[in-house]
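Here is the structure we will look at, set down as structure tokens.
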Amino acid sequence: MTKPFALSGFSPATRSIHILGHSLLLLWCAAPLATWAQTKSPDTPAPAAVPTLAENLSITPRFGQTQELLASDRAECQVWAKGQTGFDPRQYGGGVAATDYSVRRQLYGRAMAACLEGHGYTVRFVAPAAPPPSYGSPPPAVTPAPVVMRPLQPSRPELRYRPFTFQIDGGYSVTTAPTNQFLDGGANAGFGFGWFPTSALPIGLRVDGSYSWFRAKDALLNGGNFNSGHENFYGGDADLQLNLARASSAVQVYLFGGAGWYREETVLRQVSLVSGVVCGWYFCESGYFPAVTAEQRRTSDWHHAWNAGVGVEFPIADRGSFFIEARYLRILPNSDQMKFVPIRVGFRF
């Protein structure tokens, strides 16, 4: 028989301290039992699933996308993946039943990976190794409802930062006064290179080369009794380009301007009817035929020039774009000014 704990012989204060200590000890031992009894009670519902990470994605930009663009693309893909799978990582437990959690989570991750790859990223996805922790007795097995995956729509091209660019272009040059008194407008063609040191600044350097052809007017021809001729201008410009702020990655407006060096080549001909005989494979014919009876060629020195213009650029692929631009070009010296406006369209890579 256990002998009861005796408190006789102690003062009243000492006996009170002993009684309080025994009471706290009993409460400390009884607390886990009460918790265990609540857990085993069949009437107590199991707590909801805890929030878990819904994406196991390693995302690497393929074309130098900035963190701001990555955040925008990721948010767009989250909306699309949620619509495809019904899984919402922002909700407690994904917003799906516990029995569907694992399947929906894997489908959501794969939808995210497919969407981001379509936006130009390299994505590695690892499916979760285990379902979220369960509490209480596991629910009866239920076959998850099939999830219909709609095909991913191809993402539209976007203008992306490229440190180095190459362009080819061509178009039509309009002459202005006083040049239009002597020359008609004509075709032009060119190429160029661009360098933008950093995506943080919208300023870059470009070097363009061009060739323009103009037909001579009567005011130029009559001075030497010529009846046909043309002038060619070829050279290049070193310009600064400023990309203006844009509200969309689908269009970019920019300004540019700088200095250059150009050379002028003039070709004037006199064509007359000359009598003679022309023979073919099976016959000869006599008569008067047009022939060049005089020709004058003149090539100038290299002259300084300046230009300023505006352009608009549109994406056509991940690393390509289409642009339209016009500039005002003035070739010095002032005593013999050449002024025209080349309007060009081209592709930039």
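Overview of results
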quantity: Interchain or long-range residues, amide H under 5 Å from Leu183's placed H; calculated: Lys217
quantity: Ratio Rg/Rh [Cα only; Rh per Kirkwood] for segment 207-273; calculated: 1.28
quantity: Descending principal axes extents, segment 208-349, alpha-carbon based, whole Å; calculated: 71, 45, 21
quantity: Compactness of segment 158-243, expressed as Rg and Dmax over alpha-carbon positions, Å; calculated: 18.0, 59
quantity: Size of electric dipole in segment 244-323: Cβ of Lys, Arg +1 and of Asp, Glu -1, about Cα centre, debye, nearest 20; calculated: 140 debye
quantity: Most to least accessible of Phe322, Phe182, Phe214 (protein chains only, probe 1.4 Å); calculated: Phe182, Phe322, Phe214
quantity: Qualifying chymotrypsin sites (Phe, Trp or Tyr not before Pro) in segment 244-312, DSSP loop, other Cβ atoms within 10 Å at most 16; calculated: Trp281, Tyr282, Phe283, Trp302
quantity: Cα centroid of segment 171-247 to Cα centroid of segment 274-349, whole Å; calculated: 9 Å
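The values are calculated or read from the model by the stated rules, or taken from the named source; none is laboratory data. Everything numeric here is computed off the predicted structure, so don't read it as measured data. Glycine also receives a Cβ, built like all others from the backbone with ideal geometry; neighbour counts cover every protein chain displayed. Ligands, DNA and RNA are stripped out before the accessible areas are found, and what is left, the full protein with its side chains, is counted by its heavy atoms. Shrake-Rupley method; radii C 1.70, N 1.55, O 1.52, S 1.80 Å.
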